[in-house]
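Taking it in order: structure first as C-alpha cells, then the write-up.
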Amino acid sequence: MVNETRNIQSVERAMYLLEQVAAAGGRVRLNDLAEQSGVNKTTLHGLLNTLCALGYIGREGKYYVLGLRLREIAQFLSDEDEKLRLHFRALVEKLHHSSGENVYLAVPCGTRGYLYIDFLGSGDYFKGVSPRGRREGLTTSAMGKVFLANIPEMARSLRRAEKLPPQIGAELQQISACGYALDLEVAEAGLNAFAVPLRRDGRTVAGVSVAGPAENLPQTRLVTLAEEAMRWVAAFQ
C-alpha cells in the first residue's frame, strides 16, 4: 500500500514541474514556470538543472522543454494504453451510440487520480475536444469513485493520508454492491454521469463513464444505462 504520509517533497516538486511543462505544451520559460508553480527560483533552477542532467528536461534558448528520455520510459505505458483502447473501443462506441452522450475511458493514476485515455463526444461538453491525457481527482466524480470502490489500496492510501472524506465510505460500499457509480451534478453543475469498472483477469484496469446534460440524463435513465452497460461490459472481460 502506498503511504502518502512519507512522500518526499523534492520528488513531488520535480514531478509537478514535468507536469507543468507538459501542460504548457512541452515548452515554457523559467519565469512562467516559477509563477505557475509557486516554487522560488533558486529551488526551481536546481530542480530543473537536475532534470536536465538526467534527460527529462531540455533547454532551447530561454525555454525549458520536455526531454527525450521521457519518451523512452513512457513507451511501455503508451503501448499498454493503446491495448486497452483497442480492447474496449467497441464498448465505448456501443455506449456512445446507445446514450448519444459523451463516453470516457480512463485508467487509475497513482493514488490521487485517474487519466483519460479515450473519448467519444457528443459536442455538448468540451465542444467535442477530447480530454485524453487529462488527469482528474478521485473523490468528486463517478469515475473516481468507481476506482476507489474497486481498487481497495487506493481508498486505503487516501484514508490513511486523511484525504478521503468520511461520508464517501458508505457511498463506496453502495457502489461495490450495485456495480456502478452515479454523479448527479456533483462534479459539475448541470452534468450527470455514471461509471462502471472494467476488469481484465479479475483486476480493475480501467473504467468507462457516460456523461451529459442533466436534462438528457436524469437519474432514472442513468440507472437504466448503467445496468445496460454492466451487461455489455461482461463480454469484454
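The values are calculated or read from the model by the stated rules, or taken from the named source; none is laboratory data. Just so we're clear, the structure is a prediction, and the values are computed from it rather than from any experiment. Backbone-built Cβ (ideal geometry, glycine too); neighbour counts: all protein chains shown. In case anyone asks, the SASA skips ligands and DNA or RNA and just uses the protein heavy atoms, side chains included. Shrake-Rupley method; radii C 1.70, N 1.55, O 1.52, S 1.80 Å.
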Linear extension gain, Cys109 paired with Thr140, 0.36 nm per residue minus alpha-carbon span: 9.6 nm
Heavy-atom SASA rank of Ser157, Ser98 (probe 1.4 Å, accessible area, largest first): Ser98, Ser157
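Considering only protein heavy atoms, with the full assembly of protein chains and a 1.4 angstrom probe, order Met15, Met154 by accessible area, largest first.
Met15, Met154
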Full-extension gain in nm, Ile73 to Asp201, via 0.36 nm per residue minus C-alpha separation: 43.5 nm
The range 4-53: Cα Rg divided by the 2.2 N^0.38 Å rule of thumb: 1.11
Solvent-accessible surface (1.4 angstrom probe) belonging to Arg203, in square angstrom, nearest 10: 150 Å²
Span from the the range 149-209 Cα centroid across to the the range 39-88 one, whole angstrom: 30 Å
Fraction of accessible area attributable to carbon and sulfur, the chain (%, probe 1.4 Å): 51 percent
Accessible-area order (highest first, 1.4 angstrom probe) of the listed residues Lys83, Lys62: Lys62, Lys83
Table column - 3J(HN,Hα) (Hz), the range 144-159, Karplus curve with 6.51, -1.76, 1.60, x for Gly and Pro: x, 5, 4, 5, 4, 6, 10, 10, x, 5, 5, 5, 5, 5, 5, 5
Cα Rg, Dmax (largest Cα-Cα span) when computed across the chain, Å: 19.4, 57
The chain, helix-only ellipticity at 222 nm - DSSP H runs n ≥ 4, -39,500 (n - 2.57), divided by all residues, nearest 500: -15000 deg cm²/dmol
Calculated FRET value between Leu86 and Glu19, using beta carbons and R₀ = 25 Å, to 0.05: 0.40
Prolate/oblate/rounded label for the range 59-124 (Cα gyration tensor, a/c 1.5): prolate
Cα gyration tensor category, rounded, prolate or oblate, for the range 162-237 with a/c compared to 1.5: oblate
Vicinal HN-Hα couplings computed from phi for the range 179-196 (Karplus, 6.51 cos²θ - 1.76 cosθ + 1.60; Hz; Gly/Pro x): x, 9, 10, 10, 10, 9, 6, 8, 5, 7, 4, x, 10, 10, 7, 9, 9, 10
Accessible area (Å², 1.4 Å probe, nearest 10) - Thr50: 80 Å²
